[in-house]
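The values are calculated or read from the model by the stated rules, or taken from the named source; none is laboratory data. All figures in this text were calculated on a predicted structure; none of them were measured in a lab. Because the Cβ atoms are built from the backbone with ideal geometry, glycine has one as well, and the counts that use them run over all protein chains shown. When the accessible area is computed, the model is the full protein with side chains, heavy atoms only, and any ligands, DNA or RNA have been set aside. Shrake-Rupley method; radii C 1.70, N 1.55, O 1.52, S 1.80 Å.
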Amino acid sequence: MLYLNQLKFPDIPYEHNLDGGGAPPEKSTVAAAGCGPCCLCMMVENLTTGHLDLMDCLAMSAKLGANRKPGTDLKILGKWVAESYGLDFSVTDDIRILAEHLRRGGMAVANSGGDREGYKGIFTHGGHYMAVVALDGEEVCILDPSYFPGKFDEDGRRGKVKVAEPFIYCSLQVLKKDCENRSPAFYLFKRKSPVFYQ
């Protein structure tokens with residue numbers, strides 16, 4: 001299973017927030033802002049027989065204008081990925097819909113909202129995309145493109161996840177809470193159902 005860690009690409013530029021005048025140079029890299037494209041490359045590789053190169057994904061984000069706002073607009077870039085690689089694509093804020101989608105073999109990109117009043121983000125202090133690749137009972141399996149050793153040892157995070165690199169495991173409720181201030185909270189990808197002819 002493909003895992004891409006954006007932190008390994010501090011020297012690859014990724015311009016975004018163009019409508020806001022652009023992000024500062026230290027935030028205009030894949031390491032700082034490339035979680036969305038990394039997740040989409042993982043969706044393609046792990047759901048299809050195809051391959052989406054990270055550099056091609058970054059270029060398409062710019063071409064489609066998915067980088068006009070801070071980070072990446074997956075409503076734009078996710079739709080293009082699905083159409084280009086024969087995947088069904090939808091969005092939801094409902095954790096129950098996500099769970100059923102995963103049970104049926106789909107994968108998703110979760111949109112974590114980070115810190116807010118009375119809550120400390122588990123996966124990020126700001127905004128962050130993560131690939132959700134499986135569900136076992138009430139526990140999701142996540143590929144976090146910004147994982148680093150010790151990330152989940154902070155106060156407020158400790159004990160909320162289990163780590164078996166590169167996989168991160170947490171309950172559906174932990175994921176729900178971490179994404180509840182974002183909409184769409186979940187971008188759903190699955191293989192198209194085969195059409196049978198009689």
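Can you send over the solvent-accessible area of residue 122, 1.4 Å probe, protein chains only, in Å² to the nearest 10?
Residue 122 has an accessible surface of roughly 0 Å² with all protein chains in place.
Which log10 I(q)/I(0) values, to two decimals, does segment 1-111 give at q = 0.15 Å⁻¹ under the Debye formula with one point per Cα?
The Cα Debye sum returns log10 ratios of -0.64.
How much of the accessible area of segment 41-121, probe 1.4 Å, is carbon plus sulfur, in whole percent?
51 percent
Near residue 160, which aspartates and glutamates are there with a Cα under 13 Å away, not counting those fewer than 8 places off in the same chain?
By straight Cα distance, residue 160 reaches 139, 178.
Quick one: what do you get for the chain if you divide its Cα Rg by 2.2 N^0.38 Å?
The value comes to 0.98.
Order of 101-108, 127-134 by packing, highest average Cβ count within 10 Å first?
127-134, 101-108
Looking only at GluC sites (Glu not before Pro) in DSSP loops with at most 14 other Cβ atoms within 10 Å, what is the longest site-free stretch of the chain?
With GluC sites (Glu not before Pro) excluded where exposed in loops, the chain gives 1-116 as its longest stretch.
Grab the DSSP H runs of the chain that are 4 residues or longer, score each as -39,500 (n - 2.57), total them, divide by all residues and round the 222 nm result to the nearest 500 deg cm²/dmol.
Taken over the chain, the calculation gives -8000 deg cm²/dmol.
With a Cα-only, solvent-free Debye model of segment 49-130, what are the log10 I(q)/I(0) values at q = 0.11, 0.21, 0.26 Å⁻¹?
Taken in order of the listed q values, log10 I(q)/I(0) reads -0.37, -1.16, -1.31.
Could you give the accessible area per residue of segment 1-135, probe 1.4 Å, as a whole number in Å²?
45 Å²
Given Cβ point charges of +1 (Lys, Arg) and -1 (Asp, Glu) and nothing else, what value in debye, to the nearest 20, does the dipole of the chain about its Cα centre take?
340 debye
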